[in-house]
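Laboratory data are not the source of any read-out in this text; all were calculated from the coordinates shown. It should be emphasised that the depicted structure is a prediction, and the values quoted were computed from it without experimental measurement. Cβ atoms come from the backbone with ideal geometry, glycine included; neighbour counts cover every protein chain shown.
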Amino acid sequence: MIKGTTDVYGLIGDPVGHSFSPFIHNMLAEALSENMAYVAFHVKENQLEHAMAGLKGLSIKGANVTVPYKVDVISYLDYVDDMAKAIGAVNTIKLDNNELVGYNTDWIGLLKALKEIKINLRDKSILIIGAGGAARAVGMMCAHEGAGHIAITNRTQANAEKLAKLINRHYDVSTEVIPLEDLKERNDLVIAFQTTPIGMYPHSANNPIYETKFYETLEVAVDLIYNPLETHFLREAREAGAITMNGMGMLFHQAIAAFELWRECTIDDGTKKRCYQAFLQQMTK
Ligand code: NAP
């Protein structure tokens, strides 16, 4: 029940109506009897500055940030944690002693989802398809986890080069920019992260890599997309024998990580499992 003492959290984005974050956070709050409520704040164009002042002014305890504000929001924060700063994107804000502190839980969420299915990135040769905001979180996560080699392919090669440079500014790992058409010649890239919107509903027939030879030596394929649950990319990989993972786990675990940051708690495995099942049901309704 909402009371005079209820802590308020929210989502900042444009649009926000489709988001599952209110469902996840209010479900977690109820499951853990936390005195909080989470709502979606539709922040329209040119209103970000007002929205950020509003967070402080109204003592909103924390917020998630989604498209298109993950980068722009940084200039309104008092502190940004090191990994979020390196990635260059913030998806979680916490009000701490009246200061707005920014975090990135996307990379943490993806890492937790990978660990759940026992995927280890250490010393692995990895391909990242795409070089946008999500790819930056993936690339930094791979380097943080001790990847052996990181190859990046992207429609705009200059953006792939920027991502390789960003990774190498922070980690001593071998990186490479590779044109899409050269991938069929490669059998050393054993884990692939698909981070572009290619294959997302309603364009589910699309795939960044149609070359079937590429999938033959792939051991693990991850697609950040969660609608559809199995993209064309993941289907090709699964049929060629790879372990596959869609973006649902990442989405759920980035929320868990934000919740734990805000409430300064550790959510037990039983609650996580029950809430994940309820989340899956809600997503596939
Ligand atoms: P972004 O910053 O806009 O980057 C998009 C990337 O995809 C860029 O590398 C872009 O290439 C490439 N791209 C876009 N359209 C393309 C096309 N038609 N053909 C070839 N390449 C194309 O977006 P983002 O924030 O990284 O998000 C990317 C995807 O990740 C989205 O589908 C999003 O839903 C998903 N995501 C999922 C989660 C999760 O929790 N599961 C979290 C974050 C993001 P250029 O450099 O050439 O423009």
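Among Asp81, Asp96, Asp182, sorting on how many other beta-carbon atoms sit within 10 Å of each Cβ, with the fewest leading, yields Asp182, Asp96, Asp81. The C-alpha atoms of the chain define a longest principal axis, and helix 106-116 lies at about 70 degrees to it. Taking the longest Cα principal axis of the chain as reference, the axis of helix 133-144 is set at about 70 degrees.
For the chain, the share of DSSP beta bridges that are antiparallel, to the nearest 5, is 20%.
Taken over the stretch 31-182, lysine pairs spaced eight or more positions apart, or on distinct chains, with alpha carbons under 17 Å apart number 9.
Measure nothing but the geometry: give the 0 to 90° angle between the long axis through the Cα atoms of 21-31 and the longest principal axis through the Cα atoms of the chain, rounded to 10°. Roughly 60 degrees between the two axes. For Lys213, the aspartates and glutamates whose Cα comes closer than 18 Å to its Cα, not counting residues fewer than 8 places off in the same chain, are Glu181, Asp182, Glu185, Asp188, Glu236, Glu239.
Order by neighbour count: Phe23, Phe214, Phe193, fewest other Cβ atoms within 10 Å first, most last.
Phe23, Phe214, Phe193
Extents of the chain, largest first, come to 63, 38, 33 Å (Cα atoms, principal axes, whole angstrom). The share of Cα pairs per 5 Å bin across the stretch 76-152, counted from zero up to the longest distance, runs 3, 15, 24, 22, 16, 9, 6, 3, 1 percent.
Classify the stretch 108-246 as rounded, prolate or oblate, taking a ≥ b ≥ c as the square roots of the eigenvalues of its Cα gyration tensor: rounded when a/c is under 1.5, otherwise prolate if a/b is larger than b/c and oblate if not.
It is rounded, given that a/c, with a ≥ b ≥ c, falls under 1.5.
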